[in-house]
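Colleague: One structure, as C-alpha cells, below. Some questions next.
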Amino acid sequence: MTTEDSRSKLVVLGISGGIAAYRSCELARLLVKAGFRVQVIMTDYASRFVGPLTFQALTGRPVEVGHGGTLAQAGMDHIDLGQEADLVLVAPATANTLAKLACGMADNLLTTTVLASTCPVLVAPAMNTRMYANAITQENLLKLLNLERFFQVGPDDGDLACGEFGPGRMSQPEVILAHAQRLLSPQDLAGRRLLVSAGPTREAIDPVRFLSNRSSGRMGVAVAAAAWRRGADVTLVAGPGVVEPPEGLDCVRVTSAAEMAKEIDARALRQDAVIMAAAVSDFRPRRVGRSKHKKAEGAPDITFVRTADILAGLGRKKSKRLLVGFAAETGDPVPAAIDKLKRKKIDLVVANDVSQADAGFEVETNRVHLVDAKGVESLPLMKKIEVAERIVDRLVGLLPKRKSRRKRR
Ligand code: CTP
C-alpha cells in the first residue's frame, strides 16, 4: 500500500497500560507518516506511562483517555468511532485488556470501541513473560484469534522491563506498521507463493577482495514487501548488504551467484512466481586465491568465467510459474528488455536506464518500463515502493485466477 492509498483510512490506536506504551509514540508517528488518520484512545493506566499530549502532538488529533469525552463533545461516540475505523490496533495490548476483549467487556472507551467495531482488530501483546505464558492469557488470545477479524503481531523474545527474559516484548513499531498495512491492503495475492531475489552478489577474488556491483537491493525488497502486504507467502533471497524488510517474511541470505542459484533452484518448483530483481554477477574469477594477493607480486592476472544464468535456467524449465526479470541497462533499456523476454522465456521484464541519476542503483526512486508479450508500459519517475506496487499489480493480472480465501495472517 502506498501513502496515497492509505490517506483516508482511519486507524484507532488503542494504548493499554504497560511500559511498552512509550514505544507506541514511534508507532503513532510511523502510522501518520504512512498516511493514516490516527485516533489514539488510551486507558487511564496507559496515560500514567505516557502523557496524552505526546500522542496529540504526534497525530494532530485530540486523544481520548479512559471513558473519553473529547470526541463526544464533537458529537462522536464509541459507536461512531467503532464504525468509522478501518482498523483498531491495540498496542500495547496488556493481559488485562486482552482478557476484557476476550470476554466482551466494555468498561472504557477502548474496549467499547472494539466491541462496537466491525473492522479488523490487530493486537500487539506486551507483558511480563510469565503473564504471557499463563494459560489464561493464552486461552484469551486463542479465543480472539479464532474470530475472523482478530489478528496478533508479536510479542518478541527479549529483555523485559521487569528484568526477566523471554517472550513479552511488544514487536518493533515498524513490524506492527507492516502488519497493519497488510490488514488494510487488498489481499489479491492471498495463498500465492512468491520467491524474490534482491541485491548484488559477491564473487571472491581472494580472502579479502571480491567482484560486485552497485545494487542496494531496495527494488527487490520493495517488491517482496508489497507482495507480502497483499497476502502472498514470500521468500526473499538477499545478497550481501541488503537491508531486510521489517515484515518478518522469510529471508535467506546469500553471498555469491552460485549460492543464490542454489537457494533459488531449491525453492523455485513450489512457487507461483519467481521475481529476479537481484543484480547477479554474470562473471566470477576462475580461481579464488587461497591467500591475499600481495602488491609486490604485481597486478593480478584474473581470468573470469560465466556464472550460471538463474533466470534463463528457470525459463528453460518453464511451467505455469510466472517469471519476472529485470534489465538494468545504460541507455534505452526497452530493446534489451524485449530481447530478454524472448531469450530467457520470461513473462515480464522490468527495464530501467541506470545511467540516470534518479533511477536505478543506490537511490529511492526509479523510472521503469514494464515489458511483456503484449507490449511496453512506461511508468513515470516514482518511489521504488510505488514501482513495487505497480509490478505487483501486473503480477496479479498475469497469475491465473483463483477462488479460495482464507483468514489472513
Ligand atoms: N540474472 C540471473 N542470473 C545471472 C544473471 C542475471 O538470473 N547469472 C537475471 C537478473 O536477476 C535479471 C536478469 O537476469 O532479472 C537480467 O540480467 P542481465 O545480466 O542484465 O541480462 P543478460 O541478458 O544475462 O546480460 P546482458 O544484459 O549483460 O547481456
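Colleague: Give Val324, Val274, Val234 a once-over and let me know the one that is open to solvent by less than 50 Å² (accessible area, probe 1.4 Å), within 30 Å of Leu184 (Cβ to Cβ) and more than 13 Å from the ligand (Cβ to nearest atom).
Modeller: Val234
Colleague: Also: Quick check, is Asp80 in contact with a Lys or Arg (Cβ under 7 Å, 6 or more places away or on another chain) and surrounded by fewer than 23 Cβ atoms within 10 Å (Cβ to Cβ)?
Modeller: So Asp80 does not fit the description; no.
Colleague: Considering (1) open to solvent by 60 Å² or more (accessible area, probe 1.4 Å); (2) more than 8 Å from the ligand (Cβ to nearest atom), say which one His293 fails and leave the rest.
Modeller: Every condition holds for His293 apart from (1).
Colleague: Could you pull out the residue among Glu203, Glu174, Glu164, Glu139 that is acidic (Asp, Glu) and assigned by TED's automatic domain parsing to the domain that holds Asp282?
Modeller: Criteria check complete, one pass: Glu203.
Colleague: I would also like to ask the following. Can you find a residue that is in contact (Cβ under 8 Å) with a residue 40 or more places away in the chain, of a type outside the set (Phe, Trp, Tyr) and farther than 16 Å from Ala277 by Cα anywhere in segment 330-349?
Modeller: yes
Colleague: Now, a different point. Only one of (1) at pLDDT 95 or above; (2) open to solvent by 40 Å² or more (accessible area, probe 1.4 Å); (3) assigned to a strand (DSSP E or B) is not met by Leu122, so which one is it?
Modeller: (2)
Colleague: Within segment 187-196, does at least one residue satisfy the condition of being within 19 Å of Leu311 (Cα to Cα), open to solvent by 20 Å² or more (accessible area, probe 1.4 Å) and not in a loop (DSSP other than H, G, I, E, B)?
Modeller: yes
Colleague: Next up: Criterion first (among the hydrophobic types (A, V, I, L, M, F, W, C), more than 12 Å from the ligand (Cβ to nearest atom) and open to solvent by 60 Å² or more (accessible area, probe 1.4 Å)) does Ala299 satisfy it?
Modeller: In short, yes.
Colleague: Could you grab me the full set of residues in segment 146-157 that are surrounded by 13 or more Cβ atoms within 10 Å (Cβ to Cβ) and either outside the structural domain of Arg23 (by TED's automatic domain parsing) or not basic (Lys, Arg) (or both)?
Modeller: Phe150, Phe151, Gln152, Val153, Gly154, Pro155, Asp156
Colleague: Name the pairs: first residue in segment 302-320 and open to solvent by 70 Å² or more (accessible area, probe 1.4 Å), second residue part of a helix (DSSP H, G or I), Cβ to Cβ under 7 Å, at least 6 apart or on different chains?
Modeller: Every condition considered, the pairs that remain are Ala308/Ala261.
Colleague: Now for a separate question. Test Cys162 against the criterion of being assigned to a loop (DSSP other than H, G, I, E, B) and modelled with pLDDT of 95 or more, and give yes or no.
Modeller: For Cys162, the condition - assigned to a loop (DSSP other than H, G, I, E, B) and modelled with pLDDT of 95 or more - is not met.
Colleague: State whether one or more residues within segment 250-267 are away from the ligand (no atom under 15 Å from the Cβ), out of contact with any strand residue (DSSP E or B) (no Cβ under 9 Å at 6 or more places or on another chain) and at pLDDT below 95.
Modeller: For segment 250-267, residues away from the ligand (no atom under 15 Å from the Cβ), out of contact with any strand residue (DSSP E or B) (no Cβ under 9 Å at 6 or more places or on another chain) and at pLDDT below 95: absent.
The values are calculated or read from the model by the stated rules, or taken from the named source; none is laboratory data. Note that the structure is a prediction, hence the values are computed from the model and not measured. A quick note on method: Cβ atoms are made from the backbone with ideal geometry, for glycine too, and the neighbour counts reach across all protein chains shown. Each accessible area value is taken on the protein alone, full model and side chains, heavy atoms only, with ligands, DNA and RNA left out. Shrake-Rupley method; radii C 1.70, N 1.55, O 1.52, S 1.80 Å.
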